[in-house]
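What follows is one structure encoded as structure tokens, with my remarks underneath.
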């Protein structure tokens, strides 16, 4: 890994506080090593799964003698196997991701979310991968474990640039085809495009049995539209700019935003996506803590 590349999206104090909240998968995973995530295959972990009838060749140490004493039949105890997780990020790098304050653009916020989650996953033995919607899977970093690989992911996060149109829907379809084994796929985007094609793309991931989470990053100005004088609005993805009096377009803008959020919410609910709408004036640590706690039944119950 290159020491010359600055990784200012990693805050040791924030990481230290978040490390007490493990990253959990909502669905069973198929990994390569033992870990903390539930697997669909049966193993010998401590959590009981089911009984099944004994067949010649089974390990007799797993026979349930109490059941034999009651039924005079041989049964094997099966347990849930725990495995490691594949965590794959899809980061939107369209031009609108450059929106925000000079100290923190939308892409900067995305880096902090992805970098922090990648670090947490790596510390608990999980594999981490990354692609951006601009490079697609020609520049994909496949999910792997280890400190050296994590450094490669961090370096690539640092190099991401926001420009051009969004190709997020295409990137999601590519992920569904390319990532063959179950994974937690975290999408980070502003979703500033027609949301209709997003439905099919997310369903493609779910059909492949991936656990899908989406961080929807928005600026407070985009929601409130609190402009009080004529303003020039610029399309950051290469379109035209125009000068407008906010008082003349405010009502139509608010109606459009309301309808847009309704469509996004319907798509997320229908696709069973772990969806998080985040306003960038919220510290990213809070957004991550909410995400992690919502995935851990124990902390979610204690928070209530």
Can you pull out the residues in the range 161-212 that are surrounded by fewer than 20 Cβ atoms within 10 Å (Cβ to Cβ) and not in a helix (DSSP H, G or I)? 161, 163, 164, 165, 167, 180, 181, 193, 194, 195, 208, 209
Could you look through the range 60-81, keep only residues that are under 31 Å from the mean Cα position of the chain (by Cα) and crowded, with 18+ Cβ neighbours inside 10 Å, and pick out the one that is modelled with the highest pLDDT? 80
For the subset of the range 281-304 comprising residues that are at pLDDT below 95 and in contact with a strand residue (DSSP E or B) (Cβ under 9 Å, 6 or more places away or on another chain), which member is farthest from residue 211 (Cα to Cα)? 294
By my count, strands (runs of 3 or more DSSP E) wholly in the range 216-304 with at least 3 residues that are within 23 Å of the chain's Cα centre (by Cα) are 274-279
Note on the range 137-157: residues in contact with a helix residue (DSSP H, G or I) (Cβ under 6 Å, 6 or more places away or on another chain) and modelled with pLDDT under 90 are 137
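The values are calculated or read from the model by the stated rules, or taken from the named source; none is laboratory data. All values reported here derive from a predicted model rather than from experimental measurement. Neighbour counts run over all protein chains shown; Cβ positions are idealised from the backbone, glycine included.
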